[in-house]
Amino acid sequence: MTDITVLTIEQACREIGLSEPTLRRRAAADPAFPRKIKLSARRVGYLRRDIEAYLTRQREAAYAS
């Protein structure tokens, strides 16, 4: 069985190191940013593995330039 960990927006902000408004702007503007998942009518989250993969891509891009 696959371990699926869902991060709240607050947790995702801490993982990425962005404020919540910046995370929301980045999510709206960057097509490579992880997609949020709907948890309930008023709650969304991000998969930890998607956030980690995004950070890995960002790091690799920074090292490549």
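Where a number appears in this text, it was derived from the coordinates with a stated rule and is not lab data. Just so it is clear, the structure is predicted and the values come from calculations on it, not from any experiment. We place every Cβ from the backbone using ideal geometry, glycine too, and count neighbours over all the protein chains shown.
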Which of the residues belonging to segment 36-51 are without any contact (Cβ under 8 Å) to a residue 40 or more places away in the chain and farther than 20 Å from Ala61 by Cα? Lys36, Ile37, Lys38, Leu39, Ser40, Ala41, Arg42, Arg43, Val44, Gly45
Do we find that Leu7 is surrounded by 11 or more Cβ atoms within 10 Å (Cβ to Cβ) and touching a residue at least 24 places away in the same chain (Cβ under 8 Å) in this structure? yes
Answer residue from segment 21-54, given it is touching a helix residue (DSSP H, G or I) at 6+ places or on another chain (Cβ under 7 Å) and in a helix (DSSP H, G or I) and is surrounded by the fewest Cβ atoms within 10 Å (Cβ to Cβ) among those: Ile51
